[in-house]
């Protein structure tokens with residue numbers, strides 16, 4: 001999967017934010033989104049847009065959570081929360097071992113600032129109940145998003161052909177783990193909601209569990225985001 005160019009067109013931004021071009025143009029005219037005009041065409045900086053989105057997330061009041069989640073405005077396309085460097089083949093076969101591998105990756109790629117505290121919180125959450133949500137797939141995450149240890153919202157994916165004993169109720173091995181990382185309750189809930197929506201379909205579960213290449217994961221979620229955008233704009 002190729003990254004969007006740093007300088008984005010109106011169409012690029014519509015895809016990035018999962019909104020219609022008409023909506024983006026209205027935001028431009030109302031000075032609601034950072035942009036510039038070059039040769040009578042609107043252009044957007046991806047880095048500035050990322051900062052703009054982050055700033056909007058951080059100032060949302062808690063009592064607006066339910067209202068925001070129910071809207072169509074989707075701030076976190078899953079494909080934008082994935083990077084090739086955060087998709088790893090797992091070596092360990094125990095819950096503690098793989099949680100440490102995932103935390104190691106998050107720390108090495110500067111997603112978290114305190115690996116020890118982050119790992120302790122992951123383990124504490126798992127001790128409450130296993131985060132395996134369906135056949136062969138688990139979603140480890142902190143009990144509450146934390147600005148203290150999290151630097152950026154991201155998903156770290158770990159996959160294992162052999163499978164991991166993740167304390168599932170069915171005693172079935174876990175093959176895929178999605179580590180959810182966020183410092184925002186809004187983003188955290190949106191990620192959980194979108195992944196849960198994907199995994200409601202048994203065919204999607206089967207397809208994801210069979211993946212063993214980084215490009216497979218990246219392309220899967222890119223296509224999923226495009227599908228959701230088309231549904232929202234139809």
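Values in this text are rule-based calculations from the coordinates and carry no lab data. Just so we're clear, the structure is a prediction, and the values are computed from it rather than from any experiment. For neighbour counting, all protein chains shown are included, and Cβ atoms are generated from backbone atoms with ideal geometry for every residue, glycine included.
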* Asked: Mean separation of Cα pairs under 8 Å and 6+ residues apart, divided by the residue count of region 91-158: what relative contact order is that in percent?
  -> 36 percent
* What ranking, highest mean first, results for peptides 26-34, 96-104, 81-89, 194-202 when packing means the other Cβ atoms within 10 Å averaged over each residue? -> 96-104, 81-89, 194-202, 26-34
* Which FRET efficiency, nearest 0.05, do residue 165 and residue 210 yield, Cβ-Cβ r, R0 25 Å? -> 0.80
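Per the Cauchy relation, a quarter of the hull surface: what is the mean projected area of the convex hull of the alpha carbons in region 96-162, in nm²?
4.7 nm²
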